[in-house]
Amino acid sequence: MSTALTRRPVLAKLRAPSGRSPLHLICLGLVGLIVAAALLAPWLAPHDPNAVDLGAALAGPSAEHPFGVDAAGRDTLSRILLGARTSLLGPLGVVLFSTVAGVALGTAAAWRGGWLDSVLSRATELVFAFPGMLLAVLVISVYGEGLLALVLALGLAYLPYVSRLTRSLVLAERARPVLDGIDLTVGAGETVALVGESGSGKTLTSRSALGLLPPGAVTEGTVLVSGHDVLALDADRLRALRADTVAMIFQDPRAALNPLRRIGDFLTEGVRSARATSKADALARAVELLDAVGLDETALGKYPGQVSGGMLQRVMIAAALMGDPALLLADEPTTALDVTTQAEVIALLARLRKRFGTGLLFVTHDLDLAAAISDRVYVMYAGRIAEAGPAEALFAGPRHPYTAALLASTPRLTTPGGPLSAIPGQPPDLRTSLTGCAFAARCPLATEVCEQSVPEPRPAEETAAHLAACHHSDRLAAEGSVVDA
Ligand code: SF4
């Protein structure tokens, strides 16, 4: 004899009763009855719920008082009916008021933007600053007791939450892509600089090569690193890619290291977990790389707080090279360092790139540094590539007004004195949908066509690899000085 033991699926047990279940219909009927009684309470209640008859206090059920009388001599049935009405209409009114008003205000703030958004945002913050209960007491003291005052008091307390949420959702729906049409390559052993203002998308572009995208990011296209499409990799393959194909040197080394772990642990644990490398081999590799970045093996036993910022950035570089990456991403790696250490780190990166043949994508807002270290340069503006090309050609003859304005606003020791130049205006807000060139509002060469169509990258006549996404790049090349930033 054989016995088959089967288990009823948990979901089957939890399934809600179907619409034809008698129990379901009975429950639905009861709820409907209670709701109807609450709504019709003013007409169904046999007495004034607050009328006091002390002579009948605590009387039992009778024809006149079907549910009896309470200790204060008030009719119990009338009080239950009218109390149920308040309990039903109060929360319903609060939800309706806060939802309708919150959605309207949040949508208006996000849609209109500008002063309306500022005013509504400050008003919302003001309401947030009040404790909810205090706000309720304030409203009730102005409007008096009653259902309306209760709805207003609680509705006002919840309104900012709904308004904020709505504003964020509408902004997210309206936002244009953070990165748009980025076409960027880094060859083996090549140094490519990515420059632009803060917020132009440089860091996000470099992080996309590691698959480090914001939660919920919607992506199109491909990010290929050594033939692997980073956007299509699952978590395990992404971890393996980060361990041995692409690595990043972050801006602030102190923020990247665990202050409670020794530098030796930081250097070795990545390769040991991803490649199953033995501890001895990982340590030998760490010592070799520490030597390459100018540190000795005593650094292995130290904690991050025991070494200087410059030494720590060298440790970061050694850590990035532990997996022999094909591509090294350096996100403003010298920003947190003093000038002397900056120069040492830059020279070190150049030496290591030559020695290990690693491709280097160098993110910076320092144009002179980009010109000094890179083979090619990409200039980003508002999430798009404005100009790209060999460093020498691009800096000698910019073909995009934004690049020209950036160069013009770089302080020079050769022309001291006088006010510093700046690019007028601000980069476009992410909420602004762009129908034409993103730089049009700040560009001295802008014409009607710039507002109407997005310029495609076009090669220069003399250097095909020098591309500029500008309708009037030829005019800029011819006139040069029209940009007066
Ligand atoms: S396309 Fe027009 S607005 Fe844009 S950079 Fe060129 S000239 Fe200026």
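The values are calculated or read from the model by the stated rules, or taken from the named source; none is laboratory data. Computed from a predicted model, the values in this text were never measured in an experiment. All Cβ positions, glycine included, derive from the backbone under ideal geometry; neighbour counts span all protein chains shown.
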Legend entry - Residue in the range 359-369 that is among the β-branched types (V, I, T), in contact with a helix residue (DSSP H, G or I) (Cβ under 9 Å, 6 or more places away or on another chain), modelled with pLDDT of 90 or more and closer than 24 Å to L179 by Cα present: yes
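Among the residues of the range 35-76 satisfying the criterion of being among the polar types (S, T, N, Q) and within 24 Å of L88 (Cα to Cα), which is modelled with the highest pLDDT?
Of all residues in the range 35-76, those among the polar types (S, T, N, Q) come to 50, 62, 76.
Remaining after also requiring within 24 Å of L88 (Cα to Cα): 50, 76.
Numbers: N50: 90, T76: 93.
The extreme case among them is T76.
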Legend entry - Residue tally, condition surrounded by 20 or more Cβ atoms within 10 Å (Cβ to Cβ) and of a type in the set (G, A, S), over the range 265-274: 1
Legend entry - Residue that is nearest to the chain's Cα centre (by Cα) [pool: residues in the range 126-139 that are closer than 30 Å to R174 by Cα and in contact (Cβ under 8 Å) with a residue 24 or more places away in the chain]: F128
Legend entry - Condition met for S98 (of a type outside the set (A, V, I, L, M, F, W, C) and surrounded by fewer than 16 Cβ atoms within 10 Å (Cβ to Cβ)): no
Inset, instruction - Assess whether A243 counts as being modelled with pLDDT under 85, part of a helix (DSSP H, G or I) and not β-branched (V, I, T). - result: yes
Legend entry - Single residue of the range 327-348 satisfying the filter (assigned to a helix (DSSP H, G or I) and in contact with a Ser or Thr (Cβ under 8 Å, 6 or more places away or on another chain)) that is surrounded by the most Cβ atoms within 10 Å (Cβ to Cβ): V345
Legend entry - Test: V142 is more than 25 Å from the chain's Cα centre (by Cα) and of a type in the set (V, I, T): yes
Inset, instruction - Within the range 228-241, identify whether any single residue is within 30 Å of S198 (Cα to Cα), surrounded by 13 or more Cβ atoms within 10 Å (Cβ to Cβ) and in contact (Cβ under 8 Å) with a residue 60 or more places away in the chain, and answer yes or no. - result: no
Inset, instruction - Could you check how many residues of the range 246-294 are without any contact (Cβ under 8 Å) to a residue 40 or more places away in the chain and either part of a loop (DSSP other than H, G, I, E, B) or in contact with a strand residue (DSSP E or B) (Cβ under 8 Å, 6 or more places away or on another chain) (or both)? - result: 3
Legend entry - Cβ pairs under 6 Å, 6+ apart, first in the range 464-485 and closer than 20 Å to I182 by Cβ and among the charged types (D, E, K, R), second assigned to a loop (DSSP other than H, G, I, E, B) and at pLDDT below 85: none
Inset, instruction - Please go through the range 76-100 and pick out each residue that is out of contact with any helix residue (DSSP H, G or I) (no Cβ under 9 Å at 6 or more places or on another chain) and over 27 Å from A136 (Cβ atoms). - result: T76
Inset, instruction - For the range 149-204, enumerate the residues that are crowded, with 18+ Cβ neighbours inside 10 Å, without any contact (Cβ under 8 Å) to a residue 40 or more places away in the chain and in a loop (DSSP other than H, G, I, E, B). - result: none
Inset, instruction - Output the residues belonging to the range 296-322 that are farther than 15 Å from T268 by Cβ and among the aliphatic types (A, V, I, L, M). - result: V307, M311, L312, I317
Inset, instruction - Would you list the helices (runs of 4 or more DSSP H) that sit entirely within the range 376-484 and hold 1 or more residues that are out of contact with any strand residue (DSSP E or B) (no Cβ under 9 Å at 6 or more places or on another chain), closer than 23 Å to V363 by Cβ and away from the ligand (no atom under 12 Å from the Cβ)? - result: 391-396, 401-408
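Applying the selection to the range 205-235, what residues are assigned to a loop (DSSP other than H, G, I, E, B), within 15 Å of the chain's Cα centre (by Cα) and not aliphatic (A, V, I, L, M)? Show your work before the answer.
Residues of the range 205-235 that are assigned to a loop (DSSP other than H, G, I, E, B), as a first pass: 209-223, 226-227, 233-234.
Still in the list and also within 15 Å of the chain's Cα centre (by Cα): 211-219.
Hits for the range 205-235 are G211, P214, P215, G216, T219.
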